[in-house]
Every structure is written in C-alpha cells, then in structure tokens.
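Undergrad: Here it is, the structure in full.
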Amino acid sequence: MMKSSIAPSAEATDINRASADEAVIFLHLPKTAGTTLNRLIEWEYPLLQMYSIDPVLFEWSSAHLRKLSPRRLQRTRMFKGHMLFGLHEVLPQPATYITVLREPVDRVISAFYFMRSYKLHPLYWKFRRGNWTIDDFVRWSRRDNVQSKIIAGADYEEPCTAEISEKAKDNLRRHFAVVGLSERFEESLALMKLRFGWQFNTYSSFNVTRSRPKKHDLAKSTLDLIIENNSYDIELYECARTIFESAVARNATEVKRIAAELEGARSRPQDSLNSTMFSIRSATRKAISRAYSSI
C-alpha cells in the first residue's frame, strides 16, 4: 500500500487553508469532550466518507480499519475515534490530525468515575468487584499518561517514558492541523471551523460524567498522586496549550467571533421538540456511521 504524506501542522501553515484531497484523522482522547466533537463531525461529512472507531470494540475496529482496501481508504475523508497516532502511514492520500486535550488531573478524575459508572467499559466490573477508589486506580491501573501515549502512538497499557513524552510533543508540533483544549472548547471549535470550513453554528454536550467529584472535593494526597503519576501528560498539556494559544492569537478576530456565536447559541433555550428531533437525527447518523465502519 502506498504510504501517505502528512499535511503541515497548524504552526507551519495558514489555518484557513485545507487541501481538497486531504483526509482528517481525529484522535479522540478519552474524556476530553471528544464525544461532543464526534457528533458535530458527523454532520460535516457524508456518512459514507467517514470511518468511526467503535468506542467499545476499539481494538478490533482500529485493526479492521487498517485492513480496508486502498480504494475505500482513498474515498474516506474523516477517520475518528479512540486510536493511536500513525494511521497516516497506511493511507494512500495526504492526511492531517486534530485532537482535543484536557487538563490531566481533571481528565483522570473524569475518566475514573466514567469507567466506574459505564457498564460497557472493559474495566467497569473490575472496579466494582474490587471496590476500587480513585487512589487505587491511579496507583495500580496502567492508564497513566494516556494522552501522551496515544499521541505518541505508543501502547497505553505499557509504562510511559521520557522518549514517548518527547515523541508526543513532537507529533503535536509537526503533524496536527488543530490542537484543541476541552477547557476552551468553543475556541477549539472555531479553529477547526476556520481550518476545515465546517458549517455547524451550535452544539450540545454529549457523554458528560455528571456523578463525579470536582478537584476541590478530593484530598490533596489524591491530587498529588495523580500529578506524580501523570507528569508526562502535564508536560504534554503545557505543550498543547502553547500551540493552541499561538493559533488563537494568529486568528484572534475570527476565533473570538465564532467562539462567541457558538457559546451564545449553546446557552440559548432550545425548543424541546426541535432539540429532541436533533438528538434523534444525531443518534441515527452515529448508528449509520458505526455500522458502515464495521463492514
């Protein structure tokens, strides 16, 4: 199979430019507002021009993707889901990446309480049977520095290393058209709209873990433990924030305008019937995308 080239990063190119034959690869990092972004993306591309990694069977789905014919890969414009960096190496067309990172301590808290409440998650029953606390999760789970491992293309069940950390930062700088932050989600969406010409003008949040404590509710010893065990992700987040803020500064006027429009539209009360119909249509598009991606 012909090896794909990879498009320049946002640091190296005008964010308003997007190649017509360029594929977009969205690396969905767990608990970083990626589900919300997935639902928006599904309105921007024809359903038969997307490949969605199954969020439960993600290992099988990622392997299945790499076995698709060059012809099908060539006509796919958007690849998205929980997968490791490196897909561009098997694509026949040029490709660029996007992702959204989250402040690491907050992400770990959200991830643990999501895993403990979502019955389809592979670790749900392990946590329930063992009555795991968040301290147990941080000490004994191999899910440390997840953002670094995924963006470096490393196995996130294996220990993170300084080499993996540097690879992740280098990948962000060189290969990502847009690096977003979940804490500044509207501005992140604005950067993506400018880069890819997306048309959405409002959004709703999906897959929010509501039954979870906030940082200030946890003991300092727990927070210190999370920081100690996710130091590489903290470094990566600072790198991502530098890239993000640089992109926002270069496009300040347009980003401010689009972000304000999105925030205003999201906060306005919506007609209940229209809101329900939108949710139904979004669920339908999600189901079709996943079904098509599995064949």
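Undergrad: Select from region 100-125 the residues that are out of contact with any helix residue (DSSP H, G or I) (no Cβ under 9 Å at 6 or more places or on another chain) and not aliphatic (A, V, I, L, M) and write down the one among them that is nearest to HIS175 (Cα to Cα).
TA: SER110
Undergrad: Pick from region 49-65 the residues that are in contact (Cβ under 8 Å) with a residue 60 or more places away in the chain and either over 19 Å from HIS88 (Cα atoms) or of a type in the set (D, E, K, R) (or both): which of them is surrounded by the most Cβ atoms within 10 Å (Cβ to Cβ)? Walk me through how you get there before you give the answer.
TA: Our first condition is that a residue be in contact (Cβ under 8 Å) with a residue 60 or more places away in the chain; within region 49-65, this holds for 50-54, 56, 61, 64-65.
Pick out the ones that are also either over 19 Å from HIS88 (Cα atoms) or of a type in the set (D, E, K, R) (or both) and you get 54, 56.
Working: ASP54: 16, VAL56: 14.
Only one residue tops the list, namely ASP54.
Undergrad: Moving on. Any residue at all in region 126-136 that is farther than 28 Å from ALA291 by Cβ, acidic (Asp, Glu), surrounded by fewer than 22 Cβ atoms within 10 Å (Cβ to Cβ) and out of contact with any Lys or Arg (no Cβ under 8 Å at 6 or more places or on another chain)?
TA: Applying the first criterion (farther than 28 Å from ALA291 by Cβ) to region 126-136 yields 126-136.
After this cut, where a residue has to be acidic (Asp, Glu) as well, the list is 135-136.
Right, trim to surrounded by fewer than 22 Cβ atoms within 10 Å (Cβ to Cβ) and you get 135-136.
When the remaining residues are screened for being out of contact with any Lys or Arg (no Cβ under 8 Å at 6 or more places or on another chain), the result is 135-136.
Yes, the conditions are met somewhere in region 126-136.
Undergrad: From the list ALA20, ALA33, exactly one residue is without any contact (Cβ under 8 Å) to a residue 40 or more places away in the chain and of a type in the set (A, V, I, L, M). Which is it? Can you show your working first?
TA: On the way: ALA33 fails: without any contact (Cβ under 8 Å) to a residue 40 or more places away in the chain.
Among ALA20, ALA33, only ALA20 is without any contact (Cβ under 8 Å) to a residue 40 or more places away in the chain and of a type in the set (A, V, I, L, M).
Undergrad: Give region 64-114 a look and list any residue that's outside any loop (DSSP other than H, G, I, E, B) and within 19 Å of ARG212 (Cα to Cα), or say none.
TA: Within region 64-114, the first condition is being outside any loop (DSSP other than H, G, I, E, B), and the residues that meet it are 64-65, 70-75, 78-81, 87-90, 95-101, 104-114.
Of everything in region 64-114, those that are outside any loop (DSSP other than H, G, I, E, B) and within 19 Å of ARG212 (Cα to Cα) turn out to be PRO104, VAL105, ASP106, ARG107, VAL108, ILE109, SER110, ALA111, PHE112, TYR113, PHE114.
Undergrad: Can you tell me which condition ASP144 does not meet? The list is (1) under 21 Å from PHE58 (Cα atoms); (2) in a loop (DSSP other than H, G, I, E, B); (3) without any contact (Cβ under 8 Å) to a residue 24 or more places away in the chain, and all the others hold.
TA: It fails just one condition, (3).
Undergrad: Please state which of the following conditions THR253 fails to meet, knowing it meets all the rest: (1) polar (S, T, N, Q); (2) free of Cβ contacts under 8 Å to residues at least 12 places away in the same chain; (3) under 21 Å from SER165 (Cα atoms).
TA: (3)
Undergrad: Every residue in region 151-168 that is modelled with pLDDT of 95 or more, touching a Leu at 6+ places or on another chain (Cβ under 9 Å) and surrounded by fewer than 22 Cβ atoms within 10 Å (Cβ to Cβ), please.
TA: Answer for region 151-168, where residues must be modelled with pLDDT of 95 or more, touching a Leu at 6+ places or on another chain (Cβ under 9 Å) and surrounded by fewer than 22 Cβ atoms within 10 Å (Cβ to Cβ): just GLY153.
The values are calculated or read from the model by the stated rules, or taken from the named source; none is laboratory data. It should be emphasised that the depicted structure is a prediction, and the values quoted were computed from it without experimental measurement. A quick note on method: Cβ atoms are made from the backbone with ideal geometry, for glycine too, and the neighbour counts reach across all protein chains shown.
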